[in-house]
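**Student:** Quick one: the structure is below, questions incoming.
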Ligand SMILES: [Zn+2]
């Protein structure tokens, strides 16, 4: 296809480089430097999608971030991405895009039937229509809404692209590289400030790229180019294009998304696709410019109706005509600039100006060029379905209420200018109290809350001279304050054409007998009539009107619709616009890809993975791993075709009969030193600690102040003032913070230091009746007999030249030891244990066998210490000292905690001794009782008892103390199971605890 | 994201800290009789203030010190930070 709408010359594109792309399956060509939008328009493609609600044909409305219509599904390098604005997507070789929100095709769309049923789809349609009958929801309403709603389809594939996060600090952050951004950046940089200048588009310069102005002896664009190249050379300046500052957060932190590779066919090796910048700025200068607002008229959503500034940008930047018979409809001088540009390119535009007798330099120029200007004229309605074919126009009375007779004139595009709306999103997000500026009919930033100032058009200043003056000045002032250095830039001479005041006219009245749709929000299909209905139905707050009608709630966040919406509400309500107020601006200013927000924290990178020093041994020996907090732990070691159940049973059985070894490196370890260490332990643990001798370990339980068990573990007195505390794997970090809290804030008089040593020690538990035999071989020089190293004893040993700590403690309930060596020696230790244990039938065991062993013994763990149980519930009341106070003790005397029928841990065995009991099941008295069946307790942990070869569970049961021997039912609706069970002691194996002492 | 001045380390981002609640609550002395009401007030009852609030933060990913921070709960403005052993004035 030929680029029939491409101008012979001009624009900032590279005509030497042709780029081929596909849209809706058809091949086209564009040039390097095009956007997808400019390339499509050059090829005469004006129909790009369908609207959200009525599926009306939609084309292009803008040329950048404000675009409400031209949203496409993009295909790039085998991936697809929804919701891409064609006006922002730069063209690259091989780009493919498709229309969204249309089926089966953009030219013939079944959903367009909504357009003809539109009388049935007024404001609040979804709320009203889909109310009844209830049964219609699943089969009719929901599938209908799901099919009809949404713009594009998210990929369900894993995103292979890389996204990065970056943290940056600067003196001055400047958002936008138009005249105000460049001037302020330049003067701030000259003062030596650390400056970041962010530009959303690929080209720097903002409006300087499209306006006919001179700065010094250069054109606007030349001046912009020279400033940018100078800034790029300065070491204190970071200049970023394709970078959108989209959020302004607390304490002057702003977030910017940098699109590094989106404009390339493929992301370069080792490059990210996008980068999210978290920027903490001392000062922020908002130079985000302004967005042209539409004038509202009939069928103003027809493809070919677009912003006049966009039409100019397509010509000046891309060398593309949006039409060959243009109508310019304006209430201010900006429309004339567009008309002049058309005329310069050999096209004859017609200007309809709502003003009666406007006079200015720009208007004079248009007149001198013989442009047809019709004053006091309006467009009543656009005609044409898939593209503007003509316009119904009429004279309008001076009071702007009466239309003259309607004339129809041929045209292929209508370029609209309803004056300019400052982009105040960032200022508003920062907490700035915006104010209404009557002169420009728009809100501008008011009183700053954070260190932010708004410049130029974003602040409602629309002349270049004033903008530059103010921006040079602000950039200088703010940076000077920070750097104490002034290097003042002399102000250049500015030549620009003077314009005159705009007309506050914004909405064309309906002619008699006509009921044209006049759209306010183009993406969400919100028309004037929808707002009228909402107000009639009693909605008053602008926030409610917004939600009821969805005005401004689309992905463009109402960039072109908000102000006209406010004008309408204020007119109907007979209030001034500032009294109506605007809705809250929230980040992001423009959609940001989820990938950029997540950054590198995906998959395995979403949290750290910690591995013990013995990890590679486990891998080599067929360990199947499980996540335990941030740790990877062997769950079981697979032999042959074994499954989890078989393997863990074998491993647990081997511990009970021979000897097993388990990697316990992950246990939290805290080193405690100082003369008051014993006193600290005595306050933190529920039992007595002052008399623990050196070389002895003790089991302890710690509570929160509310009496709930926080953690348990053993602590060993290594020497007079030195203790080694262990915590559960999960609570290690919390326990350390807990100790620090009390030492720093509550009892600073205690002379104690605590430090985490979890990663400094590798640990192995050697458990089973033959464990002592293994230990003897490992430590031939140490006396590890029952007398030399009794239960809860501690000694240091020499493990073939490696210093080791030997604790005689047991979690499995068997005779057991834990050996710790410095992490670097962990692998060595493990190999030695396996080697020494071989003749005794040693086998490694994983967390599953570990659980089985502790459950059978009735030892509590995380599933019982779940933040809801007190010591009594876990049968730990024997560890509560009566003689001393400790953290949480006072709470235990609360009535409910002391209740006679208080819940308590029990054992549960199925009557058939066969059926496994699902964890989390409920215990009930009568399985046939009407719902809700009173719950007596819940199963906290389940295993297959290797001692008795039948299922066994632990449960927290109401009045558990008096329930031993009772027959109850376990119910698991989730697993559809009802199991008759008997309640037994939680100490199912070796209730007297003889084995650990043997 | 807040920017908090750790009295030990200087200005740091909020994600290095963890929040620790009202800094004006005093733990009752160990071993002393205390009424149910007073204990409940210590353990559970907190004012949900709008405005200036002294609160505890721990510089978890930094120096690990607990610090006192005076912050406006509505505007998030931080007025002052103190070390654990400095009295709130
Ligand atoms: Zn610190």
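The numbers here are math on the coordinates, done by the rules we state, and not lab data. This is a predicted model, so every value here is computed, not measured. Note: ideal-geometry Cβ built from the backbone for every residue, glycine included; neighbour counts use all protein chains shown.
**Student:** Using the alpha-carbon atoms, what tilt in degrees (0 to 90, nearest 10) does helix A:826-837 show relative to the longest principal axis of chain A?
**Tutor:** 40 degrees
**Student:** While we're looking at this one, here's another question. Between the alpha-carbon centers of segment A:861-887 and segment A:642-663, tell me the distance in whole angstrom.
**Tutor:** The distance from the Cα centre of segment A:861-887 to that of segment A:642-663 comes to 30 Å.
**Student:** Per residue and in cubic angstrom, what volume does the convex hull of the Cα atoms of chain B have?
**Tutor:** Given the Cα convex hull of chain B, per-residue volume reads 111 Å³.
**Student:** Over chain A, what is the mean sequence separation of C-alpha contacts under 8 Å (at least six apart), divided by residue count, expressed as relative contact order in percent?
**Tutor:** Computed value for chain A: 9 percent relative contact order.
**Student:** What's the angle, to the nearest 10 degrees (0 to 90), between helix A:732-741's Cα axis and the longest principal axis of chain A?
**Tutor:** 90 degrees
**Student:** Could I ask something else about it? Could you work out the helix-only [θ] at 222 nm for chain A, with each DSSP H run of four or more residues adding -39,500 (n - 2.57) and the total divided by the number of residues, to the nearest 500 deg cm²/dmol?
**Tutor:** The helix-only estimate for chain A comes to -6000 deg cm²/dmol at 222 nm.
**Student:** Looking only at other chains, what is the average number of their beta-carbon atoms within 10 angstrom of each beta-carbon in B:27-38?
**Tutor:** For this peptide, the per-residue mean of nearby foreign Cβ atoms is 3.
**Student:** When the expected Rg is taken as 2.2 N^0.38 Å, what fraction or multiple of it is the alpha-carbon Rg of segment A:536-634?
**Tutor:** With N residues counted in segment A:536-634, Rg over 2.2 N^0.38 Å equals 2.10.
**Student:** Using every pair of alpha-carbon atoms in segment A:200-351, split the distances into 5 Å bins beginning at 0 and state the percent of pairs per bin, rounded to integers.
**Tutor:** Percent of Cα pairs in each bin: 2, 7, 13, 15, 16, 15, 13, 11, 6, 3, 0.
**Student:** What list do you get for A:156, A:461, A:447 if you sort them by fewest beta carbons within 10 Å?
**Tutor:** A:156, A:447, A:461
**Student:** Using the number of other C-beta atoms within 10 angstrom as an exposure proxy, rank A:938, A:28 with the fewest first.
**Tutor:** Starting with the residue having the fewest Cβ neighbours, the order is A:938, A:28.
**Student:** What is the Cα radius of gyration of segment A:294-418 over 2.2 N^0.38 Å, N being its residue count?
**Tutor:** Against the compact-globule rule of thumb, the ratio is 0.96.
**Student:** If you project the alpha carbons of segment A:484-553 onto their three principal axes, what span does each projection cover, largest first, in Å?
**Tutor:** 61, 36, 21
**Student:** When Rg is the radius of gyration of the Cα atoms in segment A:772-836 and Rh is its Kirkwood radius, what does Rg/Rh come to?
**Tutor:** 0.93
**Student:** So if R0 is 45 Å, what FRET efficiency would residue B:34 and residue B:63 give, r being the distance between their Cβ atoms, rounded to the nearest 0.05?
**Tutor:** 0.85
**Student:** Next up: Once you place label points 7 Å from the Cα toward the Cβ at residue A:264 and residue B:85, how far apart are they in nm?
**Tutor:** Going by the 7 Å Cα→Cβ label model, 5.5 nm.
**Student:** On to the next question. How long is the gain from residue A:881 to residue A:964 if the chain were fully straight, where each residue apart is worth 0.36 nm and the alpha carbon distance is subtracted?
**Tutor:** Additional length available on full extension: 27.2 nm.
**Student:** Another question, then. To the nearest 10 degrees, how steep is helix A:847-857 against the longest Cα principal axis of chain A, on a 0 to 90 scale?
**Tutor:** So the inclination is approximately 50 degrees.
**Student:** For segment A:375-526, what is one quarter of the convex hull surface built on the Cα atoms, given in nm²?
**Tutor:** For segment A:375-526, averaging the hull's shadow over all directions gives 13.2 nm².
**Student:** Here's a follow-up. Report the percentage of all Cα-Cα pairs in segment A:697-753 whose separation exceeds 13 Å, rounded to a whole percent.
**Tutor:** More than 13 Å apart: 66 percent of the Cα pairs in segment A:697-753.
**Student:** Ok, one more. Could you please rank A:655, A:735, placing first whichever residue has the fewest other Cβ atoms within 10 Å of its Cβ?
**Tutor:** With the fewest neighbours first, A:655, A:735 line up as A:735, A:655.
**Student:** Also, quick follow-up: Using all C-alpha to C-alpha distances in segment A:598-718, build P(r) with 10 Å bins and read off the rounded percent in each one.
**Tutor:** Over segment A:598-718, the share of Cα pairs per 10 Å bin runs 10, 27, 26, 26, 10, 1 percent.
**Student:** Then there is this: For segment A:513-588, take N as its residue count and report Rg(C-alpha) divided by 2.2 N^0.38 Å.
**Tutor:** Dividing the Cα Rg of segment A:513-588 by 2.2 N^0.38 Å gives 1.03.
**Student:** Another question, if that's okay. If contacts are Cα pairs under 8 angstrom and at least 6 residues apart, what is the relative contact order of chain B in percent?
**Tutor:** Computed over chain B, the figure is 28 percent.
**Student:** Tell me the volume per residue, in Å³, of the convex hull enclosing the alpha carbons of segment A:894-998.
**Tutor:** Dividing the Cα hull volume of segment A:894-998 by its residue count gives 120 Å³.
**Student:** The protein assembly as shown: D in µm²/s via Stokes-Einstein (Kirkwood Rh, Cα pairs, 4 °C, 1.567 mPa s)?
**Tutor:** After rounding, the answer is 37 µm²/s.
**Student:** At a Förster radius of 25 Å, what calculated FRET efficiency corresponds to the Cβ-Cβ distance of residue A:978 and residue A:900, to the nearest 0.05?
**Tutor:** E(calc), rounded to 0.05, equals 0.25.
**Student:** Can you tell me the relative contact order of segment A:294-418? Whole percent, Cα pairs under 8 Å, sequence separation 6 or more.
**Tutor:** Relative contact order comes out at 34 percent.
**Student:** Over the Cα atoms of segment A:463-621, compute the convex hull volume and normalise it per residue, giving Å³.
**Tutor:** 309 Å³
**Student:** Ok, one more. Among DSSP bridges having both ends in chain A, what percentage is antiparallel? Round to the nearest 5.
**Tutor:** Bridges in chain A that DSSP calls antiparallel: roughly 75 percent.
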